[in-house]
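In what follows, a structure is listed as structure tokens, so that the remarks can point back to it.
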Amino acid sequence: MSAEKRFEIFRLFFSILIALLVSFALIFLVSKQPVAAIMALITGPFKSGRNLANVVEAMIPLIFTGTGVCIMFAANQINLASEGAFHLGGLVAAAFALKLALPAGLAPAVCLILAAAAGALFTALPAILKIKTGASEMVASLMINYLSLWFCTFILMHFILDPAAGAASYSLPKTAKLLTLFSGTRIHFGLIIALVVAVLGHVFLYQSKMGYELRIAGSNKQFAEYSGIDIVKVILISQLVGGAVAGLGGGVEILSPIYSRFTWTSLLGYGWDAIVICTLAKKDPLKTPLAALFLAYLRTGASIMARTTDVTLEVVQITQGVIILLAVAEQFLSKTKHRIIAREAKAALQKEEAA
Amino acid sequence: MSDQYVLQMQNIMKIYGNGVVANEDVSLSLKKGEIHSLLGENGAGKSTLMKVLFGIETPDSGKILLNGQETTIKSPMDAISKGIGMVHQHFMLVPSLTVAENIILGVEPKKGLFIDMKQAVAEARRIAEQYNFDIDVTAKVEEIPVGVKQKVEILKALYRGADILILDEPTAVLTPQETDELFVQLEKLRADGHTIIFISHKLDEIKRICNRATIMRNGRSMGTYEVSEISTDDMSKLMVGREVVLTFDKKPPVLKEVMLRVRDLTVHNAQGVLKVDRLSFDLKGGEILGIAGVEGNGQSELINTLTAINKSYGGEIFIKGADIRQDSVKGVRERKLGHIPEDRMTSGCAGNLSIRENMFSNQYTDPAYSGKFLLKTKVLARRAAELVKEYLVKCKNPEQNVGMLSGGNIQKVIVAREFSISPDIIIANQPTRGIDVGAAEFIRRRLLEYRDAGCAVILVSADLNEVFSLSDRLAVMYKGKFSGLFTDVGSVTEEQLGQYMLGLRHDEELGGAIYER
Amino acid sequence: MLRLFFSPDFVIAILRATTPILFATLAAGVAAKAGICNMALEGIMLFSALFGVMFSHMTGSWLIALLLTCVCGGVIGLILAFFILNLKTDEILAAIAINLTATGGTVLLLLAFSGDRGSSTFSTVSAPAVGGVNVMTALALLMVAVMHLFLYKTPLGLQIRSVGENKNSAESVGIKSIRIQYIALILSGILCACGGYFLSGGYMNSFTKNMQSGRGFIALAASEMGANTPIGGFAVAMLFGIAQAVGNQLQLTSIPVELIQMIPYATTLIGLAVFSYIVRKRKEKLAKG
């Protein structure tokens, strides 16, 4: 491994460390029982099998949106619509699960495919708008996230609402639900789909022709043009694939044992989490499970902390924020980086001279 | 005696970090109230000298005397405060602001908290009138023509009190009428006591307007001359020349069939300016056609059209007999065309992808390297390692990012990529610009090897050594046409070449550009 | 129904809905003029909404609370500038980080401050209204004029615009672009803080978590549609306010509330597309000369 890459990893861990320290400091500031809170945050997930299972459950949606964002960002498109795609995917899967009475094996498959398709079309919208009118895909994607939210809420309230259950749909049929993998937990078949998606995402991005074109177009547009790559096509496909993955994630989440009805009436924030995952995974879908594990662990720890002490769950978002800030700050630790690289260059020189 | 000079640059030496000697013992003296031409080919060291004068670069040795007083110029702001103004080739204007706002930017007249816009406009008008510039100072810069933009740049410098004006190829972007207008104004400035450094390649213009000329070649000064006392032929002789004669054991060319046929090719650039003018030529397998010429005479447009990056052109292009009008870039490349682009960083590679990933952008769809969907990653990795070895790319391994390599090694990666498709046609645009001697030598030998193997090569280069020593036929491009074409490259002298490059000579009948059947 | 739309109450309702977005739009505009897309508006707004109620509770004065909130907004702008300009963090990622921190940080801070979870229950002093119009609304309208004068009539404004449009040319006449961008981002933070302050100290009279609900993002779009000028931004923000006020009225009808909620976002999206298309055509025309 080159000094450059080693340094990147070092910086990532250093950023995580600082972020955790900041969070601890905040906990000390707000809590009357800071030590208990920190202990709950750090060791809580280990305390019981159920807690560990919660970590795994929380990982699943993060892997999906993380992988989706990796693919969209690899084409250098700042499309933040994975948030809305996830939401829409959840609604589509739930709505079709309720409306189509399909047999057990088939129902989840059909619902998930439809969820993925909805997600794909959804995230392609900002890209199409950009290509046709030049409108910033970033701003457009921020707007359509809210359109997704209200559209989904509209469908919920007017088409699939169970009047007996408040703001929730009818119970999703058992036939459409994803299987539980381990009894006594809510770890479900979605985990396997998520891992497969992460692997396929990696293969797509790093081993397929399309992924290769996409990364070239993402890293230097003019070089792509000179190489004869159809940039418009590549951008569209990247947004379609990324959105499909995010939509699929929403579908998986709603059909998981965690939910029995569609109840989402506000944006869940998985799209923003995905950006943290993508940053931690360095745009490689294969590393998203690891990054998701980290975030899920933190989340689970935080919710245990929130249950058992006086600190709220939201401390995690601060940790995430600080991690992003530091992990992508090019100049952060740049002196150390320079030292490491210079040292390596010197060593190489000496080796050359000795030979 | 020195008091007759407003500015003297004495024995300026500038060596860049990568060891390139850009200025070697260069001296330049300006008399008050003269238009002084700084003349030289691309890469002769004019820009470096002007950067030193304008405080952008610090010289390694040498002195600058302003009105006889030794001085150091630390920054462009420092230069401006000492009365030196520069009009860059690429205008430094803010498009959405008005002319007056551009002129006063950074030195705004104030009335309380606000800009005194009335005074700003009045001052801009006053200075425009003082120098007979007919400009609407309230117009937005984005809406005025190029010639007027240039006037705004000059006014900007004058407003800041410039006594010495550096104009970097001011006529390159102007129409003949605009050029005439500019010259009238420059004469007026001279009459007012301003001193002007006029950088240009155009000898007729220098004859028309300049008093004296300092000629540079290969980082050195070839002397300063009274323009009235030196002929354009002599100027071109001093300007164009080779320092070291490269020698290659070049076999005589073995010509094959015509690979590339170009007929009446006409190309306009995005602004609608004619850049390639009814150009026709043939290129056979086994030969290298060198194209020399001062930059901006249509070479880039020609190459971009031949490689289908530019799709709007008049005339016809055939590769191995097939019309390429309907071809995409990919389509042309699939006809086995290799293209070394002019600027390796902007279009030749993706700096943050690995060497391996940069090696196959033109051939990853080849069945040897990919199936229907997937790349054959193992084959690619093996092939990349082979190419790295074959092309002597200095790197830790093929997984290293291309951006981390030196210029020469990046160029080798590009060359490896373009040559590894076993091309029938190679279009090499400045293949050795700005890279170390070893890498340049390596790339030149490779070009010859491919030519010997029957490949047709177009070589566009600003390096005359290179075109002279590699070309089998040598064309000079001037204003979108071949002004000269030599089938016997060995017999061409540098003086001749210079005359064609600078438009002093022009052959109407170009025998040899097209092969008669 | 129609009569309702033309009543003075309705105009006030429009102005009320416009105010927070207008502040944020002006904030987005000044940053954009300096060449930076300030997506952190969302987070700054949320932080300011909390700071507003906290400071007014502590000081008992809406004015001091507003001033202190503005200081905090400026500081967040400064932090953002430090990361973008000095540490070379991608501006979008830096903004996302600030937004995430705001989402978590406000809840945590509120908890530490009062023990409240999610929404404030302590007493606050909101900005007063004069004749039905909140002073913050008046301030927002005033700021349109002030920002217009600032950007187009002062030396600093001219320099901000030149840095945003062509950094090289600005630097070639001795303007220190980093300094200018710092100033623009701090200003952006302060303006946005006013918007956040109004959310919890006028629009509502308490703080609720995530109460900004996308207004920062809408402001970004609104500013872009208004060519990042204060007056253009004002027009678009008004349009948005009208959409929202109409929406609020329509809620009394049988049209589903969810569809009404979509109106502002859909309007913005369509407006943005149309505006971008016009700009693109105009640029193409200019390029052809």
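Readers should treat all values here as calculations from the given coordinates under stated rules, not as data from a laboratory. The structure displayed is predicted, hence computed values, not measured ones. As a convention, Cβ positions derive from the backbone with ideal geometry for all residues, glycine included, and neighbour counts pool all protein chains shown.
Between the amide H of B:Asp436 and those of B:Gly408, distances stay under 5 Å, these residues lying 5 or more places away or on another chain, with hydrogens modeled in the peptide plane.
Is the C-alpha gyration tensor of the stretch C:223-282 telling us rounded, prolate or oblate? Criteria: a/c under 1.5 is rounded; beyond that, a/b larger than b/c is prolate, otherwise oblate. Mind dumping the intermediate values first?
On the way: a/c = 4.40, a/b = 2.02, b/c = 2.18.
In terms of gyration-tensor shape, oblate.
For chain B, relative contact order (Cα pairs under 8 Å, six or more residues apart, normalised by length) works out to 15 percent. Selection among A:Val232, C:Gly74, A:Val311 by position relative to the dipole of the protein assembly as shown gives A:Val311 as farthest towards the positive end (Cβ unit charges, Cα centre).
With neighbours defined as other Cβ atoms within 10 Å of a residue's Cβ, the residues A:Ser303, B:Ser27 order from fewest to most as B:Ser27, A:Ser303. For the stretch B:44-139, the set of trypsin sites (Lys or Arg not before Pro) satisfying both a DSSP loop assignment and a count of at most 16 other C-beta atoms within 10 Å is given as B:Lys74. Considering only beta bridges that DSSP places wholly inside the protein assembly as shown, some 60 percent are antiparallel. Computed over the Cα atoms of the protein assembly as shown, pair by distinct pair, the Kirkwood hydrodynamic radius stands at 33.4 angstrom. Shape call for the stretch B:2-239 from the C-alpha gyration tensor, a ≥ b ≥ c root eigenvalues: rounded (a/c under 1.5), prolate (a/b greater than b/c) or oblate? Prolate, since a/c reaches 1.5 and a/b exceeds b/c. Using only the Cα atoms of chain C, build the gyration tensor, take square roots of its eigenvalues as a ≥ b ≥ c, and label the shape rounded, prolate or oblate: rounded if a/c is under 1.5, else prolate if a/b is larger than b/c, else oblate. Because a/c hits 1.5 or more and a/b fails to exceed b/c, chain C counts as oblate. Taking amide H as placed 1.01 Å from N in the peptide plane, B:Leu7 has its amide H under 5 Å from the amide H of B:Leu30, B:Asn67, each at least 5 places away in sequence or on another chain.
Taking the helices alone, chain A has a mean residue ellipticity at 222 nm of -25000 deg cm²/dmol, built from -39,500 (n - 2.57) per DSSP H run of at least 4 residues and averaged over all its residues.
With θ taken as phi - 60° and the Karplus curve 6.51 cos²θ - 1.76 cosθ + 1.60 applied, the whole-hertz 3J(HN,Hα) list for the stretch C:214-221 is x, 5, x, 5, 4, 4, 4, 5 Hz, x standing for glycine and proline. Rounded to the nearest 20, the Cβ-based charge dipole of the stretch C:12-142 about its Cα centre (Lys and Arg +1, Asp and Glu -1) stands at 120 debye. State, as an integer percentage, the relative contact order of chain C based on alpha-carbon contacts under 8 Å between residues 6 or more apart. It rounds to 34 percent for chain C. With all projection directions averaged, the alpha carbon convex hull of the stretch B:356-421 covers 4.1 nm².
Neighbour counting of Cβ atoms within 10 Å sorts the residues B:Ser422, C:Ser188, A:Ser256, fewest neighbours leading, into B:Ser422, A:Ser256, C:Ser188. Under a Gaussian network description of chain C, with springs only between Cα atoms under 10 Å, the residue in C:Tyr182, C:Tyr203, C:Tyr277 that fluctuates furthest is C:Tyr277. Phi-derived couplings, Karplus 6.51 cos²θ - 1.76 cosθ + 1.60 at θ = phi - 60°, listed residue by residue for the stretch B:140-152: 7, 4, 5, 9, 9, x, 3, x, 6, 4, 5, 4, 4 Hz, with x used for Gly and Pro. Here the dipole of the protein assembly as shown is about 3160 debye; that uses its Cα centre as origin and unit charges on the Cβ of Lys and Arg (positive) and Asp and Glu (negative).
Phi-derived couplings, Karplus 6.51 cos²θ - 1.76 cosθ + 1.60 at θ = phi - 60°, listed residue by residue for the stretch C:264-272: x, 5, 5, 4, 4, 4, 5, x, 4 Hz, with x used for Gly and Pro.
Using the rule -39500 (n - 2.57) for each DSSP H run of four or more residues, divided by the residues of chain C, the 222 nm mean residue ellipticity is -25000 deg cm²/dmol.
Below 8 Å between Cα atoms, with a sequence gap of 6+, how large is the relative contact order for the stretch A:48-304 in percent?
42
Here the stretch B:358-506 carries DSSP beta bridges of which approximately 55% are antiparallel, counting only pairs with both residues inside. In this structure the amide hydrogen of B:Met477, modeled in the peptide plane, comes within under 5 Å of the amide hydrogens of B:Ala292, B:Gly293, B:Ser483, none closer than 5 places in sequence on its chain.
Roughly how compact is the stretch A:48-304, stated as its Cα Rg over 2.2 N^0.38 Å to two decimals?
Relative to the rule-of-thumb radius for its length, the stretch A:48-304 sits at 0.99.
The chymotrypsin sites (Phe, Trp or Tyr not before Pro) of the stretch B:435-517 that meet both conditions, a loop assignment by DSSP and at most 13 other Cβ atoms within 10 Å of the site Cβ, are B:Tyr515.
Could you run the Debye sum over the Cα atoms of the stretch B:304-386, one equal point scatterer each and no solvent, and tell me log10 of I(q)/I(0) at q = 0.17, 0.20, 0.22, 0.26 Å⁻¹, two decimals? The calculated log intensity ratios at q = 0.17, 0.20, 0.22, 0.26 Å⁻¹ are -0.83, -1.01, -1.11, -1.25.
With the charge dipole of chain C set up from +1 on Lys and Arg Cβ and -1 on Asp and Glu Cβ about the Cα centre, the Cα lying farthest toward the positive end among the listed residues C:Ser188, C:Ile263, C:Gly52 is that of C:Ser188.
To the nearest ten degrees, helix B:176-191 and the longest principal axis of the Cα atoms of chain B are 40 degrees apart. Footprinting exposure proxy ranking of C:Tyr197, B:Tyr16, A:Tyr146, fewest other C-beta atoms within 10 angstrom first, gives B:Tyr16, A:Tyr146, C:Tyr197.
Placing unit charges on each Cβ (+1 for Lys and Arg, -1 for Asp and Glu) gives the protein assembly as shown a dipole about its Cα centre, and among C:Pro8, C:Phe23, C:Thr101 the Cα reaching farthest toward its positive end belongs to C:Thr101.
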